[in-house]
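Below is one structure, written out as structure tokens; comments come after it.
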Amino acid sequence: MSRIDLFRQHLTEKRAVKVIAGIDNFDIENIKKVVTSAEQTGASAVDICARPEIISEIREMTDMPIFVSSIIPSELVKAVELGADAIELGNFDVLYKKGMSFSAEQVISLVKETIDMLGDMRTFFSVTIPGELAIAEQIELARKLETMGIDLIQTEGHYSSDSQADGVRGLMERAELTLSNTIELSRNIDLPIMTATAINPTTAPFAFAAGASAIGCGSCINKMDSTLSMMATSRSLVEIASRNATKVVELV
């Protein structure tokens, strides 16, 4: 079984956990901690930035499936050449903070360009649906991506409130949009869906209940100071995902 086949199996079992180091995280020591925590707790994959030297170093330290995220097709192609097991066009959320936005047409154009540049280098291809799009546009975009042979759709939120409630209410408010997007998309496409943005041990069960086959978890892990705390959170997420897989089997 290849590395990415393991991730595919977890997707099928609706228990995939992708731990995200961050599209704009170039701190190699932090990334190594994130990867170590993911690997030692049984996460399904890690997601890192597209900087070549970082890809090479992380590839050498782990046999885990590695996703590389970027919005630049040439960087995604280079990542495959350097040993990435999957590419992710997107993780747009952090880029909104820089004043950038993405239309459905731009996403399709970038996907086509990436596929053309890949040529015969087939690889697992995930695409983030911009969370700021109207839901009808998200569904239409997802259906087009499905016909293009994309393997996985990732949802996101775009939380912009200046004030956030404390405690669990605040966590749910942060995740509300990505969860609602997951519900809508899961009802309208056959592709597996990964729910990301504000997914943590509190909100992860709701992502699976909304129809996700996978969760993408970033800041709840990569913002922590120690490998030990990262591992504790990652382990909790893997356990939640495993319980979802058990529920799916029982329902079948």
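The values are calculated or read from the model by the stated rules, or taken from the named source; none is laboratory data. Since we're looking at a predicted model, the values are computed, not measured. Note that each Cβ is placed from the backbone with ideal geometry, even for glycine, and that neighbours are counted across all protein chains shown.
Tabulated values for the structure
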item: Residue, farthest from Ile139 (Cα to Cα), within the stretch 178-218, restricted to residues that are of a type in the set (Val, Ile, Thr) and touching a strand residue (DSSP E or B) at 6+ places or on another chain (Cβ under 6 Å); result: Ile199
item: Residues of the stretch 108-134 satisfying the condition of being surrounded by fewer than 15 Cβ atoms within 10 Å (Cβ to Cβ) and either part of a loop (DSSP other than H, G, I, E, B) or not acidic (Asp, Glu) (or both); result: Ser109, Lys112, Met117, Gly119, Asp120, Met121, Arg122, Ala134
item: Among (1) touching a strand residue (DSSP E or B) at 6+ places or on another chain (Cβ under 8 Å); (2) of a type in the set (Val, Ile, Thr); (3) under 30 Å from Glu137 (Cα atoms) - the single one Ile221 does not satisfy; result: (3)
item: Test: residue in the stretch 114-122 that is of a type outside the set (D, E, K, R), modelled with pLDDT of 95 or more and touching a strand residue (DSSP E or B) at 6+ places or on another chain (Cβ under 7 Å); result: yes
item: Which numbered condition Glu146 misses (of (1) under 20 Å from Lys97 (Cα atoms); (2) in a helix (DSSP H, G or I); (3) not polar (S, T, N, Q)); result: (1)
item: Selected residue (criterion: modelled with the highest pLDDT) from residues of the stretch 147-167 that are loosely packed, with under 12 Cβ neighbours inside 10 Å and closer than 13 Å to Ala198 by Cβ; result: Gln164
item: Residues being among the small types (Gly, Ala, Ser), crowded, with 24+ Cβ neighbours inside 10 Å and closer than 17 Å to Ala16 by Cα - total across the stretch 168-203; result: 2
item: Qualifying positions in the stretch 92-101 - assigned to a loop (DSSP other than H, G, I, E, B) and under 16 Å from Ile153 (Cα atoms); result: Phe92
item: Residue satisfying all of: in the stretch 219-234; more than 11 Å from Thr41 (Cα to Cα) and β-branched (Val, Ile, Thr); surrounded by the fewest Cβ atoms within 10 Å (Cβ to Cβ) among these; result: Thr227
item: Failed criterion for Ser69 (all others in (1) crowded, with 21+ Cβ neighbours inside 10 Å; (2) touching a Ser or Thr at 6+ places or on another chain (Cβ under 7 Å) hold); result: (2)
item: Test: residue in the stretch 51-63 that is surrounded by 20 or more Cβ atoms within 10 Å (Cβ to Cβ) and within 14 Å of the chain's Cα centre (by Cα); result: no
item: Index of the failed condition, Ile215 passing every other in (1) surrounded by 21 or more Cβ atoms within 10 Å (Cβ to Cβ); (2) in contact with a Gly (Cβ under 7 Å, 6 or more places away or on another chain); result: (2)
item: Residue in the stretch 100-112 that is within 29 Å of Arg15 (Cβ to Cβ) and of a type in the set (Lys, Arg) present; result: no
item: Among the candidates Val19, Val35, residue that is under 21 Å from Asp151 (Cα atoms), surrounded by 18 or more Cβ atoms within 10 Å (Cβ to Cβ) and at pLDDT 95 or above; result: Val19
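Residue-by-condition table, conditions (1) of a type in the set (Lys, Arg); (2) at pLDDT 95 or above; (3) closer than 18 Å to Asn200 by Cβ:
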{"site": "Phe7", "(1), (2), (3)": "no, yes, no"}
{"site": "Asp24", "(1), (2), (3)": "no, no, no"}
{"site": "Ile28", "(1), (2), (3)": "no, yes, no"}
{"site": "Ala43", "(1), (2), (3)": "no, yes, yes"}
{"site": "Asp47", "(1), (2), (3)": "no, yes, yes"}
{"site": "Glu60", "(1), (2), (3)": "no, yes, no"}
